[in-house]
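Below is one structure, written out as structure tokens; the observations come after it.
No lab work stands behind these numbers, since they all come straight from the coordinates. As the structure is a computational prediction, the values presented were derived from the model and not from experiment. Positions of Cβ are backbone-derived with ideal geometry, glycine not excepted, and every protein chain shown enters the neighbour counts.
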Amino acid sequence: MAETETGGSASVQEDSSGAGSKLLRFLGKLIVIFAIAYTMAAGYMYLNQRSFVFVPSGELETPADKGLDTVSVEIIEMADGTKITAWTAEPTEPGAPTVIYFHGNSSNLSNRSPRFKQIVDSGYGLYAPTHRGYAGSEGSPSEAALVSDALEHYDRVAAGGTPIIVHGESLGTGLAAAVGAERPDAGLVVLEAPYTALVDMASESYPWLPVNLLMKDPMKTRERIGNVAAPVLILHGTEDAVIPVEHGKRLFDDASDPKELLVIDGAGHSDLWKRGLWETVQDKWQALQS
């Protein structure tokens, strides 16, 4: 009886050991499959990341096509030979500033024509360059290239002696802050729906990826904003589903005085102009002159 019981126990142990080994092999295969899938996904995101950040589209129309008869088209050769298109207009009011306008990540200058009309109709000057790789311009966009271009654009306008408002829209807020940090003579830096950093946006969208290691263009506005010597005006909507309003609030906390934050209740990412953004900028500029 004892011998029979001993043999049965050994058999059970062998079966249990075999089942355990199979489970371990199965789990090992799952881990390998997961690792391969994760590596492939991370590699795809790394290789294609700029197509998520920079989204040019459409054909660039002429200012005249958009009812901007006083706005000219300039083809500007940057320091590295890349040709960039800019829409420009001189101020028509004595002492009025020129607005250097850095647009967002999608579409092209044509879609911003209603904004440009408000600017020039107010007697202000306009200097709106396209980003590299967008309709009307050569090259490929990257943080290093766009920041370098932005500084060149600023210096080009500043050489004319006009006061300058540096305005950034969405993606362009990173460029506006970078210019403000390097050019203390700017009259006003306006950030419309800004982000603390592109890498922060990516971390929020893809928390499962090590974006701090993978991001080619982190665009850390939060590290530049404190070095902006010019007055800073930040505008953000409470219902912004693209860049949450908390980004604007954090940048305001990090910015140096003088600074102002206007949070517009109910506004989304793209309707701040419809809710009085340009009038707010004008009022701010006039207050700075008094």
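Points worth noting:
- With K and R counted +1 and D and E -1, the other residues having a Cβ less than 13 Å from that of E279 yield a net charge of +2.
- Label sites at A37 and E279, each approximated as a point 7 angstrom past Cα along Cα to Cβ, lie 5.4 nm apart.
- Computed magnitude of the charge dipole of the chain (debye, nearest 20; Cβ of K, R +1, Cβ of D, E -1): 280
- Shown is the FRET efficiency for E61 and D155, computed with R0 = 35 Å from the Cβ-Cβ distance and rounded to the nearest 0.05: 0.80.
- Residues E204 and T92, FRET efficiency given R0 of 35 Å [Cβ-Cβ distance, rounded to 0.05]: 0.25
- Checking the Cα-Cα distances for K83/K284; K220/K259; K249/K284; K249/K274 against a 27 Å cut-off, the pairs over it are K83/K284.
- Cα coordinate range in the chain, projected on the principal axes (Å, largest first): 112, 38, 31
- Looking at the chain, the DSSP beta bridges with both ends there are about 30 percent antiparallel.
- Debye-formula intensities of the range 197-290, expressed as log10 I(q)/I(0) at q = 0.11, 0.12, 0.17, 0.25 Å⁻¹, are -0.39, -0.45, -0.84, -1.27 (one equal scatterer per alpha-carbon, no solvent).
- The Rg/Rh ratio for the range 95-152 is 1.00, where Rg is the radius of gyration of the alpha carbons and Rh is the Kirkwood radius.
- Potential lengthening between M45 and K22 on full extension [0.36 nm per residue; Cα-Cα distance subtracted]: 4.8 nm
- Here the label points at L214 and A229, each 7 Å from Cα along the C-beta direction, are separated by 4.0 nm in the simple model.
- Between E77 and A287, the contour length at 0.36 nm per residue exceeds the Cα-Cα span by 72.0 nm.
- Rounded, prolate or oblate (a/c below 1.5 giving rounded, otherwise prolate when a/b exceeds b/c) for the range 51-162 by Cα gyration tensor: oblate
- Gain on full extension, evaluated as 0.36 nm per residue between A241 and E260 minus their Cα-Cα distance, stands at 4.6 nm.
- Near D155, once Lys and Arg are set to +1 and Asp and Glu to -1 for all other residues with Cβ below 13 Å from its Cβ, the sum equals -2.
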